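The values are calculated or read from the model by the stated rules, or taken from the named source; none is laboratory data. From a predicted model like this one, the values you see are computed outputs, not experimental measurements. For neighbour counting, all protein chains shown are included, and Cβ atoms are generated from backbone atoms with ideal geometry for every residue, glycine included. Note: areas computed on protein heavy atoms with side chains; ligands, DNA, RNA excluded. Shrake-Rupley method; radii C 1.70, N 1.55, O 1.52, S 1.80 Å.
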Amino acid sequence: MKRGFYTIMSAQFFSSLADNALFVAAVELLRTGGAPEWQRAALVPMFALFYVVLAPFVGAFADALPKGKVMFASNAIKIAGCLMMLFGSHPLIAYAVVGLGAAAYSPAKYGILTELLPASQLVKANGWIEGLTIASIILGVLLGGQLVGQQLSVALLSIDIPMLDTGVDTAAEAAIAALIVVYALAAWFNTRIPHTGVEMRPLRQDPQRGLISSTLALLPDFWACNSRLWRDKLGQISLSTTTLFWGAGGNLKFIVLAWAGVALGYNTTQASALTGVVAIGTAVGAVAASMRMRLDMATRVIPLGITMGLLLILMVFIRNIWVAIPFLILLGGLGGFLVVPMNALLQHRGHNLMGAGRSIAVQNFNEQACILGLGAFYSLSLKLGLSVFGAIIVFGVVVAGIMWIIQRWHARNCRNHGEELRHLLHIARQDTHH
């Protein structure tokens, strides 16, 4: 790997570490503030909101500027969201602002891989970047749990700045203040990311139109890119699979917290550790996929998505921690093995069809729309009176059912467009060898 790849990994690690720790802190902030269960579940779709709303613009923005600068600005927005959370804004609104920063960050984070590395290293790079991201999820949720726990929160709250009233009075607020420092560290790494030398794609400019009109002009381009990826045979298969995976996986971190509270009687600090257990399995699966899978083998992992949905249903029957740990590792492992080759295939097709930043923005739009939709569905289930166990069962049935439909769709495409698919996979195999 080129040296710049490790700088990108470092920046991604600390930014993701803070993102995941902040989720735990935000859950605790709502819990101690007396917010209902459905509001805590709504944190996940609120984080996804700007991914969906700004998807037509962030990809073009990422392609128009050096991606290190885009990532730096994105971390600054995340810091602003943390400050809003500390100084009176509703946690759901402030968390949505953090999601705004993450939405701008993602096309640059993944798009720079296709600029920096050849196609033959994309699966390996995705394996490492996803593995490191999962490591940051593990450590992030653990860090968040410890920051809101008794020992660290007391130490943080005891810090006194002379002649300055910070207004930080609770464990959750102290945790959020500490995470601002982690975001600042990630922003520093962003300044060290090298310029890849790839030609920038300037935003469409029209001197006869105002800023708003010029910005809205990006919408047709985005929808054209979205349609192009969905019409592509490999694009539609990989995009539909990764969309559903991230829709389910994005909500899984809160589902595990809620399940652990009801099934095991855990508090936020204890339950956050189990979220880390799922991430351990995902990391193992991601690394295994990066070692064993190639671009031309990616579509073979689709049935794993059905198994993940069925495992979610079985989770409600577990009441013992020693059964839960290997079960959650297995659940995460299937997800990691599924997403790495499909992600690499999607990036490869998207980069060839429309450019890295735009393809990642299309991917984010679909995946985050799925997170938003499934998260709203889960939150609404709780608001309408369904128990945590009941909501999890319905959620698992929906995930398994949609993935089964995707598998049938893929099987039909293989029959109807077999020669075209074999040709595209042959191209992917050649790119891998080169």
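Cross-link check: pairs Lys78/Lys253; Lys109/Lys233; Lys78/Lys124; Lys69/Lys253 evaluated at a Cα-Cα cut-off of 23 Å; pairs beyond the cut-off: Lys109/Lys233; Lys78/Lys124; Lys69/Lys253. Between Leu386 and any residue 5 or more places off or on another chain, the built amide H atoms are never under 5 Å apart. Determine the distance separating the Cα centre of the range 68-110 from the Cα centre of the range 256-288; give it in Å without decimals. Centre-to-centre (Cα) distance: 25 Å. Compute the label zone of Trp188 within the range 63-104: residues whose backbone N is under 20 Å from the point 7 Å along Cα-to-Cβ. Only 68-80, 82-83 pass the distance filter. Extension gain for Phe377-Ile159 works out to 74.3 nm (0.36 nm per residue, less the C-alpha to C-alpha distance).
Here the Karplus relation 6.51 cos²θ - 1.76 cosθ + 1.60, evaluated at θ = phi - 60°, turns the backbone of the range 360-376 into coupling constants of 5, 5, 5, 4, 4, 4, 5, 5, 6, 5, 5, 4, 4, x, 5, x, 5 Hz, with x for every Gly and Pro. Here Asp169 and Leu310 are evaluated by their C-beta separation; at R0 = 45 Å the FRET efficiency comes out at 0.50.
Can you tell me the order of 27-37, 231-241, 359-369 when each peptide is scored by its average per-residue count of other Cβ atoms within 10 angstrom, highest first?
Averaged packing, sorted descending, gives the order 359-369, 231-241, 27-37.
Ranked by the mean number of other Cβ atoms within 10 Å per residue, highest first, peptides 388-397, 266-275 order as 266-275, 388-397.
The amide H of Val168, built 1.01 Å from its N in the peptide plane, has no neighbour under 5 Å, considering only residues 5 or more places off or on other chains. Solvent-accessible surface (1.4 Å probe) assigned to Arg408 amounts to roughly 130 Å².
Counted residue by residue at 0.36 nm each, then reduced by the alpha carbon distance between them, the extension gain from Arg300 to Val394 reaches 31.2 nm. Rg ratio for the range 218-295: its Cα radius of gyration over 2.2 N^0.38 Å, N being its residue count, equals 1.55. The stretch between Glu37 and Arg231, if pulled fully straight at 0.36 nm per residue, gains 65.9 nm over its current Cα-Cα span.
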